[in-house]
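Taking it in order: structure first as structure tokens, then the write-up.
Just so you know, all these numbers are worked out from the coordinates, no wet-lab data involved. As the structure is a computational prediction, the values presented were derived from the model and not from experiment. Here the Cβ is made from the backbone with ideal geometry for all residues, glycine too, and neighbour counts use every protein chain on show.
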Amino acid sequence: MTDFLSMTAQQVEGLPEAKAQEVLDAWVKAKKPELAQALAASASKPHVKLAKKALYRLQSSGVTVEQPRAPEAPSAAGPQPLKNEFPAVLSMQLGTGERAFLFAIPVKGGGIEVFQGILSDEFGIAQFGSERANRNKYRKRMDELRADDQARVMLVPIERMKLELGRAIALNERTKTAYGAEIEQALSRIGVSPEDPDFPIPPLEAGDAAGREGGAALHELFEVGQWLPSEKDLAVLTARVDAIRKGPLPLSFEQKDTRVKALTRELAHEVFTPEVRVLYARRLMYTAEVIDAQQRPADAAQCRAEARRLAHETTPSRFAEQLFEKALPRPK
């Protein structure tokens, strides 16, 4: 470990990918971003990809990292792209896994092209459109968002926006969800290419196990409070609850209520397969970033802790159980 933490970017560039990954893992575990930031400017594309993943893991664990800058092309290669000084906007995530985005690209001769749409963490790009706009109006809108304590959004560099779009189109390809030739041309013009959407969740930390019961309290947060099971799972929940509440067994209200709560937790355990646990873990990691942007580090830390538990434990999750319990249909 000590040797790994003393290695330079130049030394790591000479390693095979598997060994370079091992070195970067050590730096991520030590919460040190310097090596990944240096490798992000490497001429080796495989090492750049490893570095970007390491930077995202560090950022997701709460470490402040500088966004990597792409190496500048030599002037002989042709005209340089216009510098993009405009931040992009990513919204909080809905319980469906959808979030809105907004970003601007400078246009030669003045003005900007503003892109907006919706990303799904299961299917990729769900909506995508653009229009010409005024630079000053866009800057003013960004200033308003920065000053708005109630805005559940985060302002990110354009490179982060491209990363999220790259992950989205990889999901489009994986799920065979088409998004159209016009959108594909726009993404290519912007410089978006497919990125691996399966970013890893950091390992468990000391104290995570002791905080399991606190997972249910996350549903009291504004960002998580509106999350509900899928429509399919809600239908199953309603049917099972009705079978007890309207069933022929001569049970008291208290007995029925006990059975309803038990089956609700059983359904949560059924639905939260390892794949679904990781899906929600990634949603919580993203939500932690949005909450961090609201200057609420304690809430963000709780989201990250539950994400680690979901991804790396098999113990029944109070977070998952509460997702179903709060959706229980009221007795009629």
Considering only region 225-332, give the helices (runs of 4 or more DSSP H) lying wholly within it that have at least 1 residues that are free of Cβ contacts under 8 Å to residues at least 12 places away in the same chain and surrounded by fewer than 21 Cβ atoms within 10 Å (Cβ to Cβ). 231-245, 253-271, 274-293, 297-312
If I go through region 292-314 residue by residue, how many of them are touching a Gly at 6+ places or on another chain (Cβ under 9 Å) and charged (D, E, K, R)? 4
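So that you can scan it fast, the table gives a plain yes or no per residue for (1) crowded, with 16+ Cβ neighbours inside 10 Å; (2) under 22 Å from PRO106 (Cβ atoms); (3) not polar (S, T, N, Q):
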| residue | (1), (2), (3) |
| --- | --- |
| TYR138 | yes, yes, yes |
| ILE158 | yes, yes, yes |
| THR177 | yes, no, no |
| ALA186 | yes, yes, yes |
| PRO197 | yes, no, yes |
| PRO202 | yes, no, yes |
Residues located in region 22-51, provided they are in a loop (DSSP other than H, G, I, E, B) and within 11 Å of VAL65 (Cα to Cα): LYS31, LYS32, PRO33
Can you pull out every residue in region 163-199 that is in contact with a Phe, Trp or Tyr (Cβ under 9 Å, 6 or more places away or on another chain) and closer than 27 Å to ALA26 by Cα? LEU163, GLU164, ARG167, PHE199
Condition broken by SER188, with the remaining ones in (1) assigned to a helix (DSSP H, G or I); (2) polar (S, T, N, Q); (3) farther than 19 Å from ASN84 by Cα satisfied: (3)
Just for region 94-127: of the residues that are touching a residue at least 40 places away in the same chain (Cβ under 8 Å) and over 22 Å from PHE222 (Cα atoms), which one is surrounded by the fewest Cβ atoms within 10 Å (Cβ to Cβ)? GLU122
Working only within region 103-162, note down all residues that are among the charged types (D, E, K, R) and assigned to a strand (DSSP E or B). GLU113, GLU131, ARG132
